[in-house]
Amino acid sequence: MKIIKFLVFFVTFLSMSIFGFAFANEDCVSITKKHVKVEAWFSKKFEKEYWNIRDEFREMGNTKVGLFIYPAENPSRIVAIGRCVPVYLAQYFLKKADKYSLGTTHLVHQGFVSSHWAGIGTSMFSENSMNSITPQQLSMLMDETLDTESFQEIYRSFTVQKEKVPAFGLILDNPKLLSKNQ
């Protein structure tokens, strides 16, 4: 009986691992088939403009929009962009981050977000899941001559995780470090 339970567990674990890796490395599906979900937290000073802002985020098309009013004066300056978000949408979201959440100072590693998801003003990720960026790096991402592949490559180069991070006054292994397969 124990052997059967072990085999069932092992087969289940093995199949989940295989399918998980297969889906993690799948090609990007066109946004006409799978829309980009954008979730934005914006300053409460824009609360009265909620519906207009919602329409602004929808005007690009092929998006599903979730807007949230940040309870404090200004939301975080963290932006996350999935690996399958086209350049024109990613740059549009970065412009909206500048307008509604005081800009972008940090980018989240793409291994922590869905491939067709973007977050603006998000505070749902730990410090070890993101990297700070300079205004010069942000302007590199905003270059209008970039294609999607180039944009995503630059984005990934700005979000390389550190293997060691400060914690509790020590330098420890990064608990959020993703493997190269993700």
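Just a few scattered comments:
- Compared with the direct C-alpha span, the chain from Tyr88 to Asp27 gains 20.1 nm at full extension, assuming 0.36 nm per residue.
- Range of Cα positions in region 28-173 per principal axis (Å), largest first: 47, 36, 27
- Residue pairs, from the table Lys45/Lys99; Lys34/Lys96; Lys33/Lys95, whose Cα atoms sit over 20 Å apart: Lys34/Lys96; Lys33/Lys95
- Modelled FRET efficiency - R0 22 Å, Lys64 with Leu102, Cβ distances, 0.05 increments: 0.35
Readers should treat all values here as calculations from the given coordinates under stated rules, not as data from a laboratory. Because the structure is a prediction, the values reported are computed rather than measured. Don't worry about glycine lacking a Cβ; one is built from the backbone with ideal geometry, like all the others, and counts go over all protein chains shown.
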